[in-house]
Amino acid sequence: MNCTVHFLLLNDDYSIEHAEANGDEESAINRKYEWRDELEITSNVTNVVELSDSSYCLKGSFEDGSGFSFDIADMHLFELEGDSPIVIGCSKVLFDSVSIEKENALTVTITLKDYEPLTNPVPGIYISTVDFPSELVS
């Protein structure tokens, strides 16, 4: 099944009262979300498994070619099962809510809290700066 993943960053300054006074609509000065990120998963996805208290292994290479591997604890992850399993998610401190819809296609919408600084080292993975390995910060 086709799958689209949306990440939405809540805007802490969003005013429900202001929106209600203006027809329950967002406006340029009162946006509900700071930004939206969308991923189109091209492989077949058959199921979504929520892993609410997990760790994520962040792997890569330093500029000198040596490799690194860090386990990031306290993650709220989702495994997209199918032809090529994919892991998406965020630090637990960032997680607000998730919506999973299965109609003609699978849509996963993950809402992130705005009050914690974050980084996006890999598409589909958001890590709070507090949880991010200091060895990777230059």
Kindly state which strands (runs of 3 or more DSSP E) lie completely within the range 29-138 and contain at least 2 residues that are acidic (Asp, Glu).
33-41, 45-61, 67-82, 95-102
Note on the range 62-107: residues closer than 19 Å to HIS6 by Cβ and among the polar types (S, T, N, Q) are SER91, SER97, SER99, ASN104, THR107
Inside the range 78-119, can you point out the residues that are among the hydroxyl-bearing types (Ser, Thr, Tyr) and either touching a Leu at 6+ places or on another chain (Cβ under 8 Å) or closer than 14 Å to ASP53 by Cβ (or both)?
SER91, THR109, THR111
Could you look through the range 69-98, keep only residues that are at pLDDT below 95 and surrounded by fewer than 14 Cβ atoms within 10 Å (Cβ to Cβ), and pick out the one that is farthest from GLU135 (Cα to Cα)?
ASP83
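The values are calculated or read from the model by the stated rules, or taken from the named source; none is laboratory data. What you see is a predicted model; the values in this text were computed from it and never measured. Note that each Cβ is placed from the backbone with ideal geometry, even for glycine, and that neighbours are counted across all protein chains shown.
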